[in-house]
Amino acid sequence: MDLKSNEPFWLIKNGIINSFPSLKESVACDVLIVGGGITGALAAHQCTKDGYETILIDKREIANGSSSATTSMLQYEIDTPLYQLVEMIGDKGAVESYAACSEAINTLGKLCAKIKSGAGFRKKDSLYFAAKKADVVWLVKEYEARKNAGFEVKWLESEEILEKYGLENTHGGILSKQGASVDAFMLIHELLAYNIKRGLKVFDKTELSKVEYRSGYNIVYLESGYEIKAKRIVYCVGYESAAMIKEKFVDLISTYAIVSEVNEKLYKKYRNLLVWNTSEPYIYMRSTDDGRMLIGGEDEAFRDPAKRDKLISGKEKKLLNAFEKYLPEASFYPDFAWAGTFGETKDGLPYIGPHKDFKNSYFILGFGGNGITFSVMGMKMVSDWLKGRKHPLSQWFRFGR
């Protein structure tokens, strides 16, 4: 009998941290946050900090959407390589987007310290290696682009990678001195608990039915029959935005991950390192804060939950094979295997900003492998929007770009 859990590891590891009520009356607020994942929790933190009367709702239990399945690798590297992004949107937009992701990691670290987080935020190096010899040419080009843009990077030959990290079958790679990891599920609960003490109101099992957009405010109708009158709405709904917005702006992808039993030896060796490669889709590895190893990837270009979850067993075997390929001397005994859904955009950048079809509203949609760092950037951007200011990154992250 297979007793491994197909639930995301973070749900099992943390259990029920906090419980929240559903909304059982009609209310009013300055800002309504729709979505109780990491993006919503960060936006709620910022809005509460800025002094707005803020309410957060989620149709599920808090943090039980995409944030429960995230691998929480915090990278400044965007899924689109810097040199390619320069070709797509120009040098200024590309470099500023990468730099903002880098700063977001520092910002999140400071925020974790401020709220005395126990979610295991840890700064790490990031190794991006060539999975095939043919990838070396463009990866060297990427290294030069990052170096010339001022990022702290070093090129490592395959022999250096083997000697330093024990990784085999690589063909050289970029070592970056900026990265981190965190338990996003726990951090969400910590952020909400911190801000509830400061006036934030949080309701789960509270589903939005429809919205009437008025002059200067919106009326949000809930499935329960109650209403919320909100001056502004901030949508932090991730891939579910694809069903809300008419135009196609994101592709939905299923991804897979497995976590090992506790392995102190491996944890000590890799606790300060993120690893990913140039495969399509790419493989990524990290340690967890409780001494396990995680490997993920094997993405599929669909999001159907039933179809997605049927593949978990086969994907687990493929991920194990990948681990053994790169770390043949190490042992990986799987404890958890799961699947999740994320969004992929044409340029690897998020969609953060207002949309013409949604008045008095703002979207923070941090798609791709940088979902959490994009969400941290969204904190400042939504703060500027509420104050009537234009954020410098708005032009690169806007709808209709």
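The values are calculated or read from the model by the stated rules, or taken from the named source; none is laboratory data. This is a predicted model, so every value here is computed, not measured. Positions of Cβ are generated from backbone atoms using ideal geometry, with glycine treated the same way; all protein chains shown enter the neighbour counts.
In table form, for the structure just shown:
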item: So THR170, is it of a type in the set (Val, Ile, Thr), touching a residue at least 12 places away in the same chain (Cβ under 8 Å) and not assigned by TED's automatic domain parsing to the domain that holds ASN18; result: yes
item: Out of LEU156, LEU175, LEU208, sole residue that is more than 30 Å from ALA322 (Cα to Cα) and surrounded by 15 or more Cβ atoms within 10 Å (Cβ to Cβ); result: LEU208
item: Given (1) in contact with an Asp or Glu (Cβ under 6 Å, 6 or more places away or on another chain); (2) in a loop (DSSP other than H, G, I, E, B), number of the condition ILE258 does not satisfy; result: (2)
item: Enumeration of residues in region 75-95 that are among the polar types (S, T, N, Q) and assigned to a helix (DSSP H, G or I); result: GLN84
item: Residues satisfying the stated conditions in region 252-297, i.e. under 18 Å from ILE12 (Cα atoms), among the charged types (D, E, K, R) and under 18 Å from the mean Cα position of the chain (by Cα); result: ASP289
item: Test: residue in region 23-39 that is of a type outside the set (A, V, I, L, M, F, W, C), out of contact with any Pro (no Cβ under 6 Å at 6 or more places or on another chain), without any contact (Cβ under 8 Å) to a residue 24 or more places away in the chain and over 29 Å from LYS387 (Cβ atoms); result: no
item: Members of region 331-355 that are touching a strand residue (DSSP E or B) at 6+ places or on another chain (Cβ under 7 Å), in a loop (DSSP other than H, G, I, E, B) and crowded, with 23+ Cβ neighbours inside 10 Å; result: PRO350
item: Residue among SER215, SER241 that is assigned to a helix (DSSP H, G or I) and farther than 18 Å from VAL27 by Cβ; result: SER241
item: Residues of region 118-131 that turn out to be out of contact with any strand residue (DSSP E or B) (no Cβ under 9 Å at 6 or more places or on another chain) and among the basic types (Lys, Arg), as a count; result: 0
item: Residue satisfying condition, being more than 15 Å from SER72 (Cβ to Cβ) and touching a Pro at 6+ places or on another chain (Cβ under 7 Å), within set GLU316, GLU280; result: GLU316
item: Count - residues of region 324-356 that are among the hydrophobic types (A, V, I, L, M, F, W, C), touching a Pro at 6+ places or on another chain (Cβ under 9 Å) and within 15 Å of ILE253 (Cα to Cα); result: 2
item: Only listed residue being within 14 Å of GLY179 (Cα to Cα), surrounded by 17 or more Cβ atoms within 10 Å (Cβ to Cβ) and more than 15 Å from the chain's Cα centre (by Cα), chosen from LEU85, LEU108, LEU74, LEU127; result: LEU127
item: One residue from GLU163, GLU212, GLU142, GLU157 being within 25 Å of THR80 (Cα to Cα), free of Cβ contacts under 8 Å to residues at least 60 places away in the same chain and among the acidic types (Asp, Glu); result: GLU157
item: For LYS210: the one exception among (1) part of a helix (DSSP H, G or I); (2) modelled with pLDDT of 95 or more; (3) of a type outside the set (Ser, Thr, Tyr); result: (1)
item: Members of region 356-387 found to be in a loop (DSSP other than H, G, I, E, B) and either within 17 Å of GLY40 (Cα to Cα) or not assigned by TED's automatic domain parsing to the domain that holds GLY37 (or both), listed by number; result: GLY366, PHE367
item: Test result for VAL262, outside the structural domain of PRO21 (by TED's automatic domain parsing) and modelled with pLDDT of 95 or more; result: yes
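Each row is one residue, and each column tells you yes or no for (1) in contact with a helix residue (DSSP H, G or I) (Cβ under 7 Å, 6 or more places away or on another chain); (2) part of a loop (DSSP other than H, G, I, E, B); (3) aromatic (Phe, Trp, Tyr).
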| site | (1), (2), (3) |
| --- | --- |
| ASP135 | no, no, no |
| TRP138 | no, no, yes |
| GLY150 | no, yes, no |
| LEU167 | yes, yes, no |
| HIS171 | yes, yes, no |
| PHE185 | yes, no, yes |
